[in-house]
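Below is one structure; the comments refer to it alone.
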Amino acid sequence: MKMGDPEEAAEHGRRLILHNFLSFQECKELEFIHKSNCTVGYRPHVFSTTLSHLIATNSAHLIMPFVPIRERLKEKVEEFFGCQYELFVEFTGLISWSRGSSIGWHSDDNRPYLKQRDFAAVCYLNSYGNDFRGGLFHFQDGDPATIVPSGGDVVIYTADSHNIHSVDEITDGERLTLALWFSRDATYDEDAKLITLLSKNFLHDNAPELCLPFPASSNMYWFSPDQASSDQQLGFDICWARLHVLGYDQLFHQDKSYCSNISELLMEPLRLTRGDELFEHEFINILHALQVVQFYCWKAPDFKSAKVEETTTVVVLSQSQRERFVCLKSLFAKDVCLVDSVFSNVTFVGSAQHSFNWVDFRIAIAKWEDYARKLHRELVMSLPHWRTQQSIFNVSLDEK
């Protein structure tokens, strides 16, 4: 069901649909964060990005775009359900559903360890039909019975048995969401846990290198057809896979054709290739390369009028170099057809790939560094206020 009203309340105040709650740019920024940082998720064919994971992988600055969105959602939930100043954000996560994923009838508090959840908010970051097929959201009872996901829309509902729901199987593409749960129980406050993590792990220096990501354990990035198993005789590494579906291969700084340890390779410096071309810029690791590539996909239209001061060096791959990355491909992906199936999309991957050129990509590297430094500075200035209040909130420029 898709109506034009900005707000659509239903079922005696137990659920609320907000249309265009998130802007197009907010959706695209969260998509960039997810596709450049996600790990395998909690269900088969599902991928997730949590705020604690961003902190743990030296990408703490990427929590900043979530801050105003979390605030706005919390205020809307408290207003609609009449519980102002009573709620805590219990969990925040980006979740994507790829081909083959689904979930049957359930409530969001249907496990003993989930009973603290009182309310849920699901924000759609892309749209049914344009970006994926399948994935319709159904309520078991009441109206609206079916939600057709549309980028920017939000569904808010009680997490109890009054709102039992399901999600149809994804048949093509990747369905992207931002999910939040809220609790009245302060002991489950996500903010306090995140502030503790930031205080332990975040360095208060403004040096650019602090914005470079650090990959987690390789098993967190290994997709298996049977996700109950981390058997690396099947499946693929999702960092490698997301680069592959966009047309990139990797050439490591040193010859690693003898290497059989993916954890080691994830940490190795590398350069990117497309077709027969090798881009002579070194990335500190595969996660660094992936963040820049996804940033380019997000921002490429903005780079057309920009100027590049330094030379963009691209060389033709030698036969020995080609043999090196072909040899390693079988380590990152046991079945390339599975990669294409899981990360396929009903639309072409975008104009950014269609009009690709290395000059624009060089600009993307510099712009990504500026973007990361900006968020890093915001985090440095906000953290003392968060510590004082033991709450994560949008700190105004005057306060900073």
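Going through the range 271-292 one residue at a time, which ones are open to solvent by 10 Å² or more (accessible area, probe 1.4 Å) and at negative phi?
Taking the range 271-292 first, the residues open to solvent by 10 Å² or more (accessible area, probe 1.4 Å) are 271, 274-277, 280-282, 284, 288.
Selection gives 271, 274, 276, 277, 280, 281, 282, 284, 288.
In the range 293-326, which residues are modelled with pLDDT under 90, farther than 14 Å from residue 271 by Cα and either open to solvent by less than 60 Å² (accessible area, probe 1.4 Å) or touching a strand residue (DSSP E or B) at 6+ places or on another chain (Cβ under 8 Å) (or both)?
If the condition is that a residue be modelled with pLDDT under 90, farther than 14 Å from residue 271 by Cα and either open to solvent by less than 60 Å² (accessible area, probe 1.4 Å) or touching a strand residue (DSSP E or B) at 6+ places or on another chain (Cβ under 8 Å) (or both), then 300, 303, 306, 308 are the ones that fit.
Would you check if residue 387 is loosely packed, with under 15 Cβ neighbours inside 10 Å and at pLDDT 95 or above? So that I can check it myself, show each step before the final result.
Details: loosely packed, with under 15 Cβ neighbours inside 10 Å: yes; at pLDDT 95 or above: yes.
Criteria met by residue 387.
Could you tell me which numbered condition residue 213 fails, if it satisfies all but one of (1) assigned by the TED database to the domain that holds residue 97; (2) part of a loop (DSSP other than H, G, I, E, B); (3) not aliphatic (A, V, I, L, M)?
(1)
Yes/no per residue for (1) touching a Phe, Trp or Tyr at 6+ places or on another chain (Cβ under 7 Å); (2) without any contact (Cβ under 8 Å) to a residue 60 or more places away in the chain; (3) in the same structural domain as residue 224 (by the TED database):
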position	(1), (2), (3)
68	no, no, no
84	no, yes, no
102	no, no, no
129	no, no, no
145	yes, no, no
149	yes, yes, no
152	yes, no, no
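Condition first: modelled with pLDDT under 95, touching a helix residue (DSSP H, G or I) at 6+ places or on another chain (Cβ under 9 Å) and open to solvent by less than 10 Å² (accessible area, probe 1.4 Å). Can you find one or more residues in the range 170-187 that meet it?
No, every residue in the range 170-187 fails to be modelled with pLDDT under 95, touching a helix residue (DSSP H, G or I) at 6+ places or on another chain (Cβ under 9 Å) and open to solvent by less than 10 Å² (accessible area, probe 1.4 Å).
Go through 86, 90 for me and flag whichever is farther than 29 Å from residue 288 by Cα, surrounded by fewer than 18 Cβ atoms within 10 Å (Cβ to Cβ) and not aromatic (Phe, Trp, Tyr). Don't jump to the end; show me each part of the working.
Values: 90 fails: surrounded by fewer than 18 Cβ atoms within 10 Å (Cβ to Cβ).
Exactly one of 86, 90 is farther than 29 Å from residue 288 by Cα, surrounded by fewer than 18 Cβ atoms within 10 Å (Cβ to Cβ) and not aromatic (Phe, Trp, Tyr), namely 86.
Only residues that are open to solvent by 20 Å² or more (accessible area, probe 1.4 Å), closer than 17 Å to residue 181 by Cα and either aromatic (Phe, Trp, Tyr) or at pLDDT below 95 (or both): list them for the range 42-81, please.
Result: 42, 80, 81.
Which condition does residue 163 not pass, out of (1) under 19 Å from the mean Cα position of the chain (by Cα); (2) buried (at least 21 other Cβ atoms within 10 Å of the Cβ), if it passes all the others?
Residue 163 satisfies every listed condition except (1).
The values are calculated or read from the model by the stated rules, or taken from the named source; none is laboratory data. Nothing here was measured: the structure is a model prediction, and the numbers come from that model. Methodologically, a virtual Cβ is constructed for each residue, glycine included, from the backbone with ideal geometry; neighbour enumeration extends over all protein chains shown. Heads up: the accessible areas ignore ligands, DNA and RNA and are worked out on the full protein's heavy atoms, side chains in. Shrake-Rupley method; radii C 1.70, N 1.55, O 1.52, S 1.80 Å.
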